[in-house]
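Colleague: Pasting a structure below so you can have a look.
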Amino acid sequence: MSDEFYRMKRLPPYVIAEVNAMRAQARAGGEDIIDLGMGNPDLPPPPHVIDKLCEVAAKPDAHGYSASRGIPGLRRAQANYYGRRFGVELDPETEVVVTMGSKEGLASLATAITAPGDVVLAPNPSYPIHTFGFIIAGATIRAVPTTPDARYWEALERAMSFTVPRPSILVVNYPSNPTAETVDLAFYERLVAWARANDVWIISDLAYSELYFDGKPTPSILQVAGAKDVAIEFTSLSKTYSMAGWRIGFAVGNPRLIAAMTRVKSYLDYGAFTPIQAAACAALNGPQDIVEKNRALYHHRRDVLVESFGRAGWDIPAPPASMFAWAPLPPAVAHLGSLEFAKQLLAHAQVAVAPGVGYGENGEGFVRIAMVENEQRLRQAARNVKRYLQSMGVNAGGRQSL
């Protein structure tokens, strides 16, 4: 009996798991680890959302199977959100499906629309599900840059000209995880025109839509006229309302893609627990002050992180959006590589970060820092990092002392 399972051979070891295992071991040994590795919000959901969860969970008839594609009220709430936020009209019956987090949704869509041998264009570096969801489904990945500049469009054109078979799907993710890059509506307009001309589906991951800074709201690709002909978009309540563990997300857009995904999901799950879906309705339909509050908090944490780590000798570019900073390794320790550097930070500075190589080969030379600790903990992390860098002979400019 063989244990050489086909899909397992296509999934390399998850390098970020090495750092996670070290973090868990250190904490089990009593060390105070400042965890800036996983994008796991440290804030609670709004009280009225928790109240709705408890209210519905107390009902005797609330504990049976739910609806795989989401209860009608939640699909309507998401359609209304798109109308308010983006001016996009959605049919909750044919253009909205509820997912158990955007990660599950992306994997279900990949299963629904991918045939073995299909070529998918995906950003590198990127959140792992953007590539491995399709690899699990049997596709071949061709990488494109994350940076939305001339190189991006050149990469798309090369891919269409020299790849056999021609790519049929393009994944985009802005604000980007892990790089925090953003795009404007003009980028999406050009992208939709390109997809139409090349007969390519666009899958947009907009999980960080509400975590934008400096007064520059992030657009949706569906704001482009005709985008629903070629595009589907994923969002989540995880970061916007601090509901990561609740596993509620959405896919909206092209009815054919929504129908295919809904059909696959009907075989795989019965949907999220009904009280959770009811509470998600309360999040979307109720007071929205939590959205601005969270945005302001992450904005402040960003500024604290950049300022305090800069004084510690590690210059980090200020991310324009998301809950992450994409930080180049200090030049004096860049030779270590992102994985070894992350391990040393954990061992010698008690700070956990995510090695950039875990997001693709083009992530080497960077680490992802999640802003999921309060200001005091971020400043403590900076002090710990400063001691570590000084022990490595790094001066305030991040370079080797002579």
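The values are calculated or read from the model by the stated rules, or taken from the named source; none is laboratory data. Owing to the predicted nature of the structure, the values given are computational and were not obtained by experimental measurement. Note that each Cβ is placed from the backbone with ideal geometry, even for glycine, and that neighbours are counted across all protein chains shown. Each accessible area value is taken on the protein alone, full model and side chains, heavy atoms only, with ligands, DNA and RNA left out. Shrake-Rupley method; radii C 1.70, N 1.55, O 1.52, S 1.80 Å.
Colleague: I want to verify a result. In a Gaussian network model of the chain, Cα cutoff 10 Å, which of these has the top mean-square fluctuation: Leu339, Leu222, Leu268?
Modeller: Leu268
Colleague: Which lysines, on any chain, are close to Lys59 with Cα under 27 Å apart, when same-chain ones fewer than 8 places away are left out?
Modeller: Counting by Cα, and skipping residues close in sequence, Lys59 has these lysines nearby: Lys265.
Colleague: Summarise the accessible area of the chain (1.4 Å probe, protein heavy atoms) by the percent that is carbon and sulfur.
Modeller: Heavy-atom surface of the chain belonging to carbon and sulfur, 1.4 Å probe: 55 percent.
Colleague: Given the Cα-Cα distance of Arg190 and Asn80 and 0.36 nm per residue of separation, how much length would full extension add, in nm?
Modeller: Details: separation 110, 0.36 × 110 = 39.60 nm, distance 2.64 nm.
The Arg190-Asn80 span can extend by a further 37.0 nm.
Colleague: How many nm separate the modelled label positions at Ala259 and Lys216, each set 7 Å beyond the Cα in the direction of the Cβ?
Modeller: In this crude label model, Ala259 to Lys216 measures out at 3.9 nm.
Colleague: Hey, another quick one. Modelling each spin label as a point 7 Å along the Cα-to-Cβ direction, I'd like the Arg10/His335 distance in nm, to one decimal.
Modeller: Once both label points are built, they end up 4.0 nm from each other.
Colleague: What whole-number distance in Å separates the alpha-carbon centres of the range 309-339 and the range 56-94?
Modeller: Using only Cα atoms, the two centres lie 40 Å from each other.
Colleague: Let me ask something else about it. How much length is gained on full extension from Ala17 to Ala58, taking 0.36 nm per residue of separation minus their Cα-Cα distance?
Modeller: Details: separation 41, 0.36 × 41 = 14.76 nm, distance 3.80 nm.
Contour length minus the Cα-Cα distance gives 11.0 nm.
Colleague: Still on this structure: Cα centroids of the range 29-48 and the range 106-132: how far apart, whole angstrom?
Modeller: 29 Å
Colleague: I want to check the label-to-label distance for Glu307 and Tyr270. Put each point 7 Å from Cα in the C-beta direction and report it in nm to one decimal.
Modeller: Label-label distance for Glu307 and Tyr270, simple model: 5.2 nm.
Colleague: Hey, got the dipole for the chain? About the Cα centre, +1 on K and R Cβ, -1 on D and E Cβ, debye to the nearest 20?
Modeller: 280 debye
Colleague: Separate question: Tilt of helix 72-86 relative to the longest C-alpha principal axis of the chain, in degrees (0 to 90, nearest 10)?
Modeller: 60 degrees
Colleague: A follow-up question, please. Where the only charges are on Cβ atoms (+1 Lys, Arg; -1 Asp, Glu), what is the dipole of the range 264-379 about its Cα centre, to the nearest 20 debye? Intermediate results must be reported in sequence, preceding the final value.
Modeller: Details: 10 positive and 11 negative charges, 35 e Å.
In debye, rounded to 20, the range 264-379 gives about 180.
Colleague: Let me ask something else about it. Compute the orientation-averaged projected area for the chain from the convex hull of its Cα atoms and round it to one decimal in nm².
Modeller: Details: hull surface 87.7 nm².
If I average the Cα hull's projected area over directions, I get 21.9 nm².
Colleague: Tell me what the chain gives for mean residue ellipticity at 222 nm when only DSSP H runs of n ≥ 4 count, each as -39,500 (n - 2.57), the sum divided by the residue total, rounded to 500 deg cm²/dmol. Could you put the intermediate results ahead of the total?
Modeller: Details: 13 runs with 170 residues, N = 402.
Result for the chain: -13500 deg cm²/dmol, rounded to the nearest 500.
Colleague: To the nearest 10 degrees, how steeply does helix 255-268 sit against the main Cα axis of the chain, on a 0 to 90 scale?
Modeller: Helix 255-268 sits roughly 80 degrees off the main axis of the chain.
Colleague: How big is the gap, in Å, between the Cα center of the range 364-392 and the Cα center of the range 172-195?
Modeller: 29 Å
Colleague: Can you find, among Gly215, Met22, Trp201, the residue sitting farthest towards the positive end of the charge dipole of the chain, where Lys and Arg contribute +1 and Asp and Glu -1 at Cβ?
Modeller: Farthest towards the positive pole: Met22.
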